[in-house]
Amino acid sequence: MRNIITIFKRELGSYFATPVAYVFIVIFLIMSGAMTFYLGNLYERGQADLSPFFQYHPWLYLFLVPAIGMRLWAEERKSGTIELLMTLPISVGQSVIGKFLAAWVSIGIALVLTFPIWITINYLGEPDNGVILAAYLGSFLMAGGFLAIGSCISAMTKNQVIAFIITVVICFLFLLAGSPLVLNFFKAWIPQNIVDAISSLSFLTHFVSLAKGVIDLRDVIYFVSLIGFWLYANTIIVEMKKAD
Amino acid sequence: MIKIKNLTKKFGHLTAVEDVSFEVQPGEVLGFLGPNGAGKSTTMKMITGFLAPTAGSIEVCGFDVSEKPIEAKKRIGYLPEGAPSYGEMTPVQFLEFITQVRQLSGQNKIDRNKEVIQQLHLDKVLNQSIETLSKGFKRRVGLAQAILHDPDVLILDEPTDGLDPNQKFEVRELIKSIAPDKVIIISTHILSEVDAICSRAIIIADGKVLVDDTPEGLRSKSSCDKMDDIFREITSGHIS
Ligand SMILES: Nc1ncnc2c1ncn2[C@@H]1O[C@H](COP(=O)(O)OP(=O)(O)OP(=O)(O)O)[C@@H](O)[C@H]1O
Ligand SMILES: [Mg+2]
């Protein structure tokens, strides 16, 4: 635990020592604001809720979270600091978790800083704030899912651009796993129960109810196990590829 | 103490280290010599637990590096080749990170930080980001990191590379001063360093140990007196 905190603090410090965190936060705020008001028509809808805000989060995360995740391990391998890190008395698992949490918290900070939208909607009407809080939690969980994929892919390569692109593609597949586009493609040649399994892996399916403020334990378990799975794979890949 | 038995490392078809065995006792400073690509860094990476050996075993202070890596790593201070460190951090922040990892606390933490900063003359660059430091200062930050927790075992891969003559001298004095109760392995291409600080030298080439002897012993094996000539003679196959 102590080691995880040490890694977490170092990593978070380096996000804010470089422009990474600031750029991420500013872009996230601008984009989420723009989508909410222009695409989501928050005002014109005349309803006091934040679904126009949350419904675009999956698409925002699709590009922004891989941008945060790509450097997690690729940079460490490229600069050789991985040799330092891996010869300190810290286990690989602790490093993986510490780094992941630091990046996740940066995203969390960006999410918290969207509070003016929440204030606006409370000013305009009387939204159900419990629903909004649940949607925030759901959004944060989903960001964690994207990030765990990004962290794992980042460990496979020294090249951050490659890490970014592959992560976007995988996240895109996870997003759309429940959509007709993907399902029709599979339906033609694999059994229905596997198609259903693929569909149940979809980020969107699990996020939609969370974004409505319905905290279904199954959705939470889905995202938590997704994060666990990718971070576990991340640990194995770091072990395998650290010295290449 | 370090015990290495039949250590081998293969990268695909290339055998970087082949059947290397040796032991190092506390108080010894072992100079690890050999031409470029001989396998010095690879051996050090295996001792410090960064690379897994293809075959053979390594024991550091009674702990097998493959089985009890964390215990072994706690007792090792390591300067990797090229002294990598986090560029966006300042030396103060970096040493604070290492302090936390090494779990130094209280007065010991303050004393050790002060001491290494003074020993490696880091006081003037403490608050400058590491990526903007000159090569020699980067190396000194790496050395500070390696000795901070006063480890029983020091593995230094080319510690004086890139240092100015005064700093080279001081780092050698530093190594000498901490040597008496420690196991120290240094790799170097500066052969006068072997005479200056090493109590023993191992020369490897193509992953194999050619000579394992004291500096005096090396001299007696060769017709030459200068270390450089002895090195050339041995590694080009005149003696083995
Ligand atoms: N990750 C790797 N993959 C493939 N080959 C490697 C790898 N690391 C090292 N080698 C090879 O292993 C051999 C030994 O390399 P090593 O770095 O141990 O040499 P060295 O003795 O430290 O040389 P130098 O004096 O140049 O530092 C070299 O032929 C090198 O190309
Ligand atoms: Mg080397």
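Entry note, chain A: the mean residue ellipticity at 222 nm calculated from DSSP H runs of n ≥ 4, each adding -39500 (n - 2.57), is -25000 deg cm²/dmol after division by the residues and rounding to the nearest 500.
Could you give the distance between the Cα centres of segment A:136-185 and segment B:93-117, to the whole Å? The two parts, judged by their Cα centres, are 39 Å apart.
How large is the helix-only mean residue ellipticity at 222 nm for chain B, computed as the sum of -39500 (n - 2.57) over DSSP H runs with n ≥ 4, divided by its residue count, in deg cm²/dmol to the nearest 500? About -10500 deg cm²/dmol. Model label points for B:Arg232 and A:Asp244, set 7 angstrom from Cα along the Cα-to-Cβ axis, are 4.1 nm apart.
Inter-chain neighbour count for B:82-89: the average number of beta-carbon atoms from partner chains within 10 Å of each residue's beta-carbon is 6. Note on A:88-94: average number of Cβ atoms from other chains within 10 Å of each residue's Cβ is 5.
Using a probe of 1.4 Å, the accessible surface attributed to B:His149 totals some 30 Å² when neighbouring protein chains are kept in position. Where does helix A:20-34 land angle-wise versus the long Cα axis of chain A, in degrees 0 to 90, nearest 10? Compared with the principal axis, the helix lies near 20 degrees.
Inter-chain neighbour count for B:142-148: the average number of beta-carbon atoms from partner chains within 10 Å of each residue's beta-carbon is 1.
Rounded to the nearest 10 degrees, the inclination of helix B:165-178 to the longest alpha-carbon principal axis of chain B is 90 degrees.
So what is the relative contact order for segment A:2-243, in percent, with contacts set as C-alpha pairs under 8 Å and at least six apart?
Result for segment A:2-243 is 27 percent.
Computed from the Cβ-Cβ distance with R0 of 25 Å, the FRET efficiency linking A:Ile109 to A:Ile162 stands at 0.35.
Remark: C-alpha extents of the protein assembly as shown on the principal axes read 94, 56, 33 Å, sorted largest to smallest.
On the basis of the beta-carbon distance and an R0 of 60 Å, B:Lys68 and A:Asn184 show a calculated FRET efficiency of 0.65.
Work through the residues other than A:Ser200 whose Cβ is under 14 Å from its Cβ and net out their charges, Lys, Arg +1 and Asp, Glu -1. Net charge in that neighbourhood comes out at -2. Accessible surface for A:Ser200 stands near 60 Å², nearest 10, in the context of the full protein assembly shown (1.4 Å probe).
Taking the charge dipole of the protein assembly as shown about its Cα centre, with +1 at Lys and Arg Cβ atoms and -1 at Asp and Glu Cβ atoms, the residue from A:Ala148, A:Ile215, A:Ser106 reaching farthest to the positive side is A:Ile215.
Stretched out straight at 0.36 nm per residue, the stretch from A:Asn193 to A:Tyr123 would grow longer than its current Cα-Cα span by 20.5 nm.
Between the Cα long axis of helix B:135-147 and the first principal axis of chain B there is an angle of about 90°, rounded to the nearest 10.
The values are calculated or read from the model by the stated rules, or taken from the named source; none is laboratory data. The structure displayed is predicted, hence computed values, not measured ones. Heads up, the Cβs are rebuilt from the backbone with ideal geometry, glycines too, and the neighbour counts pull from every protein chain shown. Accessible surface is based on the protein model in full, side chains and every heavy atom, while ligands, DNA and RNA are left aside. Shrake-Rupley method; radii C 1.70, N 1.55, O 1.52, S 1.80 Å.
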